[in-house]
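Following: one structure in structure tokens, then a few remarks.
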Amino acid sequence: KVDEYEFEITSKVNPGDTISIDYGIETFQDNGEKEGHFRMSHQLFSYGPPNFKHDAAIVEIISPSSEDKNSRFNPSCGNPRILIKNSGSASLKQLNISYGFQGKRKTKYVWYGDLELLESTIVDLPGMSWKKMKTPGVFEVDISYPGKMKDENPDNNKLRSVYITPIKLPGEFILSIQTNNLNRASENSYYITDSQGMIWYDSDEFEDDHHYRLPINLSKGCYQFKFMDKMEDGVSIHWWFSNSDPELVGINGKVQIESVLGDTLLSFSSDFGQELYLNFIVE
């Protein structure tokens, strides 16, 4: 997703006027690349006073979800995460949230906050039992105002998402990590947490050009694995130096999950940028 630029032009126009809108970009500087393109997209929004005084909206189910834009956080068996918004003129300070799997008993949660008109916030809902997850399945969220207060626009109070269950791993496995050289191993760290946020394993002490086979032993439950790289260049070789400075190319790193017998259960791409993120279930 590229940068967006917003310009408030209300003070520049009068109702009924016809206007011309122009824009400029930086002067192009030749950096040796053969081609370059600027592809611009523009939208003009007109708006007026709010239609409702009380209008809470569930905008998005971030997890569990199979939406491509949220693929970094899914499949998920951790705390559900949603995005809510106040579309009414009155401040939004409290919401009843009902959520769970389609056809199953729903979990209830009361959210407290302070959202003004058009403000939004991400809500991490309390954990729930994932034992009855179906693949694929449907996750549902329903919001409402507390007490006798009514939402004047109920059309945006319910939302569904289609999800798939996370990968299942054995209770014992090996975390296999091959580090880069050229002092890049110091950029790496990892941790494994459960659905309550408790850290089971973690480390940020890696040496260059080492192959680590770290034994992992977990009880039943839902877990999250994260592997981070501070310089945001993953653990792949610096291939772009191949012609200009071959000594800086280095060696490829590797991150994968193996069985205790050495079979590869899951192999990650070495070119992952800032972090690897995996939710998994131990049965």
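The values are calculated or read from the model by the stated rules, or taken from the named source; none is laboratory data. Computed from a prediction, not measured in an experiment: that's the story for all the values here. No Cβ is skipped: glycine too gets one built from the backbone with ideal geometry, and neighbour counts run over all protein chains shown. All accessible areas refer to the heavy atoms of the entire protein, side chains included, with ligands and DNA or RNA removed. Shrake-Rupley method; radii C 1.70, N 1.55, O 1.52, S 1.80 Å.
What accessible area, in Å² to the nearest ten, does a 1.4 Å probe give for Asp3?
Surface open to solvent at Asp3 totals about 120 Å².
Report the equivalent ellipsoid semi-axes for the chain in whole Å, largest first, defined as the square roots of five times the eigenvalues of the gyration tensor built from alpha carbon atoms.
Over the Cα atoms of the chain, the ellipsoid semi-axes are 41, 34, 14 Å.
If you count only protein heavy atoms and use a 1.4 Å probe, how large is the accessible surface of Met198, to the nearest 10 Å²?
110 Å²
Farthest toward the dipole's positive end in the chain, which of Met231, Leu115, Thr179, given Cβ charges of +1 (Lys, Arg) and -1 (Asp, Glu) about the Cα centre?
Checked the options; the winner is Leu115.
Before I look further, what does the chain give for accessible area per residue, probe 1.4 Å, in whole square angstrom?
Details: 18790 Å² over 283 residues.
Solvent-accessible surface per residue comes out at 66 Å².
Can you classify the stretch 208-265 as rounded, prolate or oblate using the Cα gyration tensor, where a ≥ b ≥ c are the square roots of its eigenvalues, rounded means a/c under 1.5, and otherwise it's prolate if a/b beats b/c and oblate if not?
Prolate.
Mean separation of Cα pairs under 8 Å and 6+ residues apart, divided by the residue count of the chain: what relative contact order is that in percent?
17 percent
Roughly to the nearest percent, how much of the accessible area of the stretch 201-254 is carbon and sulfur, given a 1.4 Å probe?
The nonpolar share, carbon plus sulfur, comes to 50 percent.
With N denoting the number of residues in the stretch 11-133, provide Rg(C-alpha) divided by 2.2 N^0.38 Å, to two decimal places. Each step should come with its number before you reach the end.
Values: Rg = 21.9 Å, N = 123, 2.2 N^0.38 = 13.7 Å.
That ratio works out to 1.60.
Would you work out the charge dipole size for the chain about its Cα centre, treating the Cβ of every Lys and Arg as +1 and the Cβ of every Asp and Glu as -1, and quote it to the nearest 20 debye?
Using only the charged Cβ atoms, the result is roughly 2100 debye.
Amide H of Phe272 versus every other amide H placed in the peptide plane: which residues, excluding those fewer than 5 positions away on the same chain, fall under 5 Å?
Amide H neighbours of Phe272, under 5 Å, 5+ apart: Gly234, Val235, Ser236.
Rounded to the nearest 0.05, what FRET efficiency do Ser242 and Gln274 give with R0 = 22 Å and r taken as the Cβ-Cβ distance? Could you check?
0.40
Please list Lys93, Lys150, Lys226 in order of solvent-accessible area, largest first, computed with a 1.4 Å probe with all protein chains present.
Per-residue accessible area, sorted high to low, gives Lys150, Lys93, Lys226.
For the stretch 125-283, take the alpha-carbon Rg, divide it by the Kirkwood Rh, and send me Rg/Rh.
1.12
Let me make sure I get this right: for the stretch 33-74, a, b and c are the square roots of the gyration tensor eigenvalues over alpha carbons, sorted descending. Under 1.5 in a/c it's rounded, otherwise prolate if a/b > b/c, else oblate. Which is it?
It is oblate, given that a/c is not under 1.5 and a/b is not larger than b/c.
So who's got an amide H within less than 5 Å of the one on Ile251, skipping anything under 5 residues away but keeping other chains? H placed 1.01 Å off N, in plane.
Those lying under 5 Å, H to H, from Ile251 are Asn181.
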